[in-house]
Every structure is written in C-alpha cells, then in structure tokens.
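Enquirer: Below is one structure. I have some questions about it.
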Amino acid sequence: MRVRRRLVYRVTLAAAFLSFVYYIEKSRALNLRYVDGFMKRFANSKQSTKKNAKYSRILCFVMTTPSNIATKAMAVNNTWGSRCDKLLFVNAEVITSLPTMVIEVEEGRDHLTKKTYKSLQYLYKHYVDSYDWFLKADDDAYLIMENLRHLLESYNSQNAVYLGHHFRIGTRQGYMSGGGGFLLSAGALKAINEKGYGVEPMCQMDGKDEDLDIGICLDHIGVKTYSSIDKYGRQSFHPFGIIKSLTSSITGGESYYFDRPIKDGPDCCSQLSVSFHYINPVQMYLLEFMLYKSVLHGRHYPIKSKDNFFKPEVATIPNKAANEIILPPKYFWHFLFGRRKYVNSGNRKGSDLYLIVFVIFYQTLVIAR
C-alpha cells in the first residue's frame, strides 16, 4: 500500500513538474514572439523616421600638420570628428592612425589657400555625389554636430550655400572665417570647381589667407553667404574662442571683423552653438565630457520654438557701404601689429616691414578683386 502511494505521489510530482516546464516554455515562446514583434515594429519605426527626416550627410575635412597629428588631430578624431558621416584629415602624407586625404602641398601658412583648393578639387572628384555638405575646419576647432545638423535642416544642399561665421570685410558680401569651420553645400562645391578653379582670374590658387581667398572666389562666381545667427541675434560659430566671447575681451580690430555688433558675456553665444575655435586638446576632451558624458540631475531645459531657431536667409551686413571691403584707417594698427601674436604663435615668421607691405598691397589691390 505504501509503495503504491509513493508511486502515485512521484507520478503526480513528475506530472506537475512537466506541466510547470511546459507552461514556462510556452510563456517564453509567447514572450519571445512578442519581443521579436516589438523589435521589428521599433526597427521599422526607426527606418520610417530616418526616411522621413531630412538627414544631412556631412563630410568633415580637417586641416592638420605633422606636428599636430598625435595631439590636436587625435583629439578631433576621438571627440566631435566621430559624429561626422565621414572624417578626413588633410596632410601631405598618409597618417597611419587616422583617415587621411593626402594633399601634396608644402607645409606652412603661406600655402594654406593651395592646400584648401586642392582639397576641394579632391572632394569634388571623389565625394560630391555621396555627401550633402562639406565642412572645412582646423584641428583646433570643436564642432557640435547635432546643432549643425539642425542648422542645415532648412537648406537644400543642391543649391549653392556658403555658411559659417560671417566677416564683413574682404569682399562685397564678406566671407566666412576659416579656422572655426565653414560649410559648402554640394551645390557650392560643384560651383567653385566648375566656375571658379581653373577659370582665370576668378580664384586665387595659392596664399596664406585661405578663408578670405575662398570667400573672394565664391563672391566672384555668385555663391551667396548665408546667416548662422539665431533668432535672438546670437552667434553660433565662434572664431575667436569661447573664452574671449564670454569674458567680453573681443575688442579693437577683432571686433571690426564681425558683421554686426558683438554681444558679450552670457548672451554672446547661441544655445545651439555649432563651432568654437582655438580649442586645445585638453579643452576638447573637457567639452566632450560636459556635453556627452554628464547630465544635470532633475533639469530639462527645452529650446522653445526650436523649428524657427535659424532662418535660411542670405547673410547681410548692417550699415555697410557698397565699397567697404577694406579696413578703415583706425584699425590699421591692429592689422599691422595686433595680428603678430597669431603670426608668431603659429611658427609663421615675418617682419613689420613684410606686414606693412602686405597691408599696402591689400588695401590698394583688394578692390580690384
């Protein structure tokens, strides 16, 4: 009797155990199907969102030199450069540790224009149909790519568009500062290669002020400058560095380059700022940590009316005379001597006599351009 009871007890336990296993496996299968279906719907939703969103494909080409590869260029590669759709470092030789666009031009500031125009020719030949925008920056710039993409949402990249920080001198419409970054749309890249380069005397092919030379070339072929000012009148590209902007130390000749009155202190800079110049590697990693690795607990500060934060309009310069493309006399001193700190800090050798001769030629011949 006892044996029979034990047998029944064991069979009952086995049946209960098997029923439990069956129930678990069935539930697991149902859950897996549910999760699988959810993930498929989520994936389809993401694809649909990306298909409907106006996503800008941005190629970033960064000017560097052999002495900066292990420091500045590597910092760009490890921080904001990783958020470009394609990143290329422009150098005379292949950089084994970084993606390189080899442009065989003699190193030095005296050939920056040639280095830039050869880069634009290379990009036109190999990438003009693969990307929407082409961002030129130096290896001491820091770009916030998410804000840049928002700025570009209002533009058609097939049109000729030229964007950056707008300087008021040098050409009739001004030009974009180079070091902190400027952008050419695919349409503008086509225009400068098909109408500018090789069509004498439309474009300067060599020189040391590549941003000015590119601006003059684009002005000659009819490519317009467009505004990167936000709806509150604040700058989104910062060519003289964030510290100078925040501490109200942009004065004298530097201030005259701006296309409109400068806003100092906390109001200097757009909430959706795009570019900062003169950023060393340590500052790059600091910005990267503060922007992408840290959060402020309990605070969420949305941008109001974000869709209208930037307007796709041609850049204008208030109160600029039709023939105002040169520095006024009161700023000669800054141009002659104030720029020497930048000249000497970049291993760029020169003398006061050289600068004086350059300014005389600049003031007398730039109008002819």
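The values are calculated or read from the model by the stated rules, or taken from the named source; none is laboratory data. As the structure is a computational prediction, the values presented were derived from the model and not from experiment. Areas reflect the complete protein model, heavy atoms only, side chains present, ligands, DNA and RNA absent. Shrake-Rupley method; radii C 1.70, N 1.55, O 1.52, S 1.80 Å.
Enquirer: At 0.36 nm per residue, minus the direct Cα-Cα distance, what do residue 194 and residue 78 gain on full extension? Give it in nm, one decimal, please. Could you put the intermediate results ahead of the total?
Expert: Working: separation 116, 0.36 × 116 = 41.76 nm, distance 3.48 nm.
That pair, residue 194 and residue 78, stretches by 38.3 nm at full extension.
Enquirer: Please label the shape of region 197-242 as rounded, prolate or oblate, based on the square roots a ≥ b ≥ c of the eigenvalues of the alpha-carbon gyration tensor (a/c under 1.5 means rounded; beyond that, a/b larger than b/c means prolate, else oblate).
Expert: Numbers: a/c = 5.96, a/b = 1.89, b/c = 3.15.
Because a/c hits 1.5 or more and a/b fails to exceed b/c, region 197-242 counts as oblate.
Enquirer: What number comes out for accessible area per residue over region 51-130 if the probe is 1.4 Å? Units Å², please. Intermediate results must be reported in sequence, preceding the final value.
Expert: Working: 3900 Å² over 80 residues.
Counting only protein heavy atoms, the per-residue value for region 51-130 is 49 Å².
Enquirer: Among DSSP beta bridges lying fully in region 116-230, give the percent that are antiparallel, nearest 5. It would help to have the intermediate numbers written out before the result.
Expert: Values: 8 of 11 bridges.
Counting only bridges with both partners in region 116-230, antiparallel ones make up about 75 percent.
Enquirer: Same structure, new question: Quick one: of 118/208; 86/136; 114/136; 136/311; 208/244; 125/195, which pairs are farther than 18 Å apart, Cα to Cα?
Expert: Numbers: 118/208 14 Å; 86/136 12 Å; 114/136 14 Å; 136/311 22 Å; 208/244 24 Å; 125/195 15 Å.
Violating the 18 Å Cα-Cα cut-off are 136/311; 208/244.
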